[in-house]
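Chemist: Right, I'll just put the structure down here and ask away after.
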Amino acid sequence: MQNFEFHNPTRILFGQGQIAALAKQVPAGAKVLMLYGGGSIKSNGVYDEVKAALSGHTVLEFGGIEPNPHYETLMQAVELVRREQVGFLLAVGGGSVIDGTKFIAAAALYQGEAWDILSKGGKVIQSALPFGSVLTLPATGSEMNSASVITRHATQEKRGFMSRHVYPVFSVLDPAKTLTLPARQVGNGVVDAFVHVMEQYLTYPAQAPVQDRYAEGLLLTLIEEGPQALSRPDDLAVRANVMWSATMALNGLIGVGVPQDWSTHMIGHELTALYGLDHAQTLAVVLPGIMQVKRDAKRAKLLQYAERVWGLRDGNEDSRIDAAIAATRNFFEQMAVPTRLSAYGLDASAIDAVVNALEAAGSVHLGEHHDIDGNATRAALTLSL
Ligand code: NZQ
Ligand code: ZN
């Protein structure tokens, strides 16, 4: 295990009824901008509950942040923040709204060209407006991390940044607010959280049994609870466990001191930017192929994963690895997230476009060994045609 510093400043308010706590969590006297997406919060009551909790505050609104939030849209909110001298942001929605709010928080105080934050990375950020979140879709972990992914619609670029200045001050996690999610987003959320764990776990042994067993616990929980969220959609206990798993999957804890991969995400972002697949759909396509292409470098962890997560102990090593990869693909399919490019109407020409986009962005040294290049990406995607 390598040296690490772990500091996560986000306060979590978990459970039913916690939206009422906003009254005290949002600083009194601050001019607040509430940010949201395409309107789901207006049809499921979340909007009204937030407004009621903030009845003693001055609240402006900015709606219409789209899934895979657009830089162009977010810059309109940056204008509003500057014009109105907003002092606190409140994101109400899924990962896209929270990611968008992180960008707005940083861009509003940034002197240069705002796209620098994406092209040069979060290191250019020296300060950001404080913000909180009310999470309505468990998936990304954005509610308790310092990452954000933004799409520049005009150029089809999807880029991320990280900065210690963009941790939410607090996040409200009320599992009851996830009951209105369409099945597609339930499946997406479980697959995204699962792959976040895999990106931090399926590398090589690093003498980090605590991180390994936390990761395996999250994977086992998602495998148990995820399908129940689809088959028993009204079960609040299941929703609560899915929600907490997704937050824990990417709040930094399981990744401390261990090697990380993230190639599946980098490749997946290009699939979304070019073809509009949902984020988790891209991961379901890419990960099984990466597991196969990197089976030698990941051999020890693949065997550990096969045994501890899927209970695969019989047969020789290669057959256990084959079975673990197949079980992973089946799990994604069970969550109703297709794992084949053909299921999204794409063929081999899409693979070339993705490889070209990765090469243009300089993303050709991916993975824990920096050896996933254009050829490895092509091979992985070809396995999921
Ligand atoms: O926009 P509205 O109308 O609110 O509808 C949303 C949206 O259409 C809907 N929804 C959300 N909560 C709902 C609901 N519908 C009914 N009831 C509710 N309670 O769900 C749709 C998808 O929302 P979105 O926020 O786009 O989904 P998700 O949370 O999966 O976020 C995806 C974005 O996060 C990025 C992805 O790249 C993508 O841009 N990621 C962010 C990460 C991070 N910050 O650490 C890591 C991830 O790997 C990921 O890259
Ligand atoms: Zn993800």
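The values are calculated or read from the model by the stated rules, or taken from the named source; none is laboratory data. As the structure is a computational prediction, the values presented were derived from the model and not from experiment. Neighbour counts are summed over all protein chains in view; Cβ atoms, including those assigned to glycine, are modelled from backbone coordinates with ideal geometry. Keep in mind that these areas ignore ligands, DNA and RNA; they rest on the heavy atoms of the full protein, side chains included. Shrake-Rupley method; radii C 1.70, N 1.55, O 1.52, S 1.80 Å.
Chemist: List pairs: first residue in the range 278-293 and of a type in the set (S, T, N, Q), second residue near ligand 1 (Cβ under 10 Å from one of its atoms) anywhere in the structure, Cβ distance under 6 angstrom, at least six positions apart or on different chains.
Modeler: The qualifying pairs are THR282/GLY268; THR282/THR272.
Chemist: Also, quick follow-up: Restricting the range 26-54 to residues that are touching a Gly at 6+ places or on another chain (Cβ under 6 Å) and more than 12 Å from ligand 1 (Cβ to nearest atom), which is nearest to VAL81 (Cα to Cα)?
Modeler: Out of the qualifying residues, it is LYS31.
Chemist: Let me ask another. Can you tell which of GLY95, GLY87, GLY121, GLY100 is touching a strand residue (DSSP E or B) at 6+ places or on another chain (Cβ under 9 Å), touching a residue at least 12 places away in the same chain (Cβ under 8 Å), under 20 Å from GLY29 (Cα atoms) and small (Gly, Ala, Ser)?
Modeler: So the residue among GLY95, GLY87, GLY121, GLY100 that is touching a strand residue (DSSP E or B) at 6+ places or on another chain (Cβ under 9 Å), touching a residue at least 12 places away in the same chain (Cβ under 8 Å), under 20 Å from GLY29 (Cα atoms) and small (Gly, Ala, Ser) is GLY87.
Chemist: If you don't mind, another one. Which ranges mark the strands (runs of 3 or more DSSP E) fully within the range 40-152 that have 3 or more residues being assigned by TED's automatic domain parsing to the domain that holds ARG164 and closer than 30 Å to ALA284 by Cβ?
Modeler: By residue number, 88-93, 131-135, 147-152.
Chemist: Give the residue, chosen from ALA361, ALA323, that is over 23 Å from the mean Cα position of the chain (by Cα) and open to solvent by less than 70 Å² (accessible area, probe 1.4 Å).
Modeler: ALA323 is the lone residue from the list that is over 23 Å from the mean Cα position of the chain (by Cα) and open to solvent by less than 70 Å² (accessible area, probe 1.4 Å).
Chemist: Among the helices (runs of 4 or more DSSP H) confined wholly to the range 298-385, which include 3 or more residues that are within 26 Å of ARG213 (Cβ to Cβ) and of a type in the set (Asp, Glu)?
Modeler: 317-334
So that you can scan it fast, the table gives a plain yes or no per residue for (1) open to solvent by less than 10 Å² (accessible area, probe 1.4 Å); (2) closer than 30 Å to ARG295 by Cα:
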position	(1), (2)
VAL149	no, yes
ARG159	no, yes
TYR167	no, no
PRO182	no, no
VAL186	no, yes
VAL191	yes, yes
HIS196	yes, yes
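Chemist: Then there is this: Looking at PRO209, PRO227, which one is farther than 29 Å from ARG159 by Cα, of a type outside the set (Asp, Glu) and open to solvent by 30 Å² or more (accessible area, probe 1.4 Å)?
Modeler: Just one listed residue meets the conditions, PRO209.
Chemist: Sort out which residues of the range 326-348 are touching a residue at least 60 places away in the same chain (Cβ under 8 Å) and open to solvent by 10 Å² or more (accessible area, probe 1.4 Å), and write them in order of number.
Modeler: GLN334, ALA336, TYR344, LEU346
Chemist: Among the numbered criteria (1) surrounded by 16 or more Cβ atoms within 10 Å (Cβ to Cβ); (2) more than 24 Å from GLU224 (Cα to Cα); (3) touching an Asp or Glu at 6+ places or on another chain (Cβ under 8 Å), which one does HIS279 miss?
Modeler: Unmet condition: (2).
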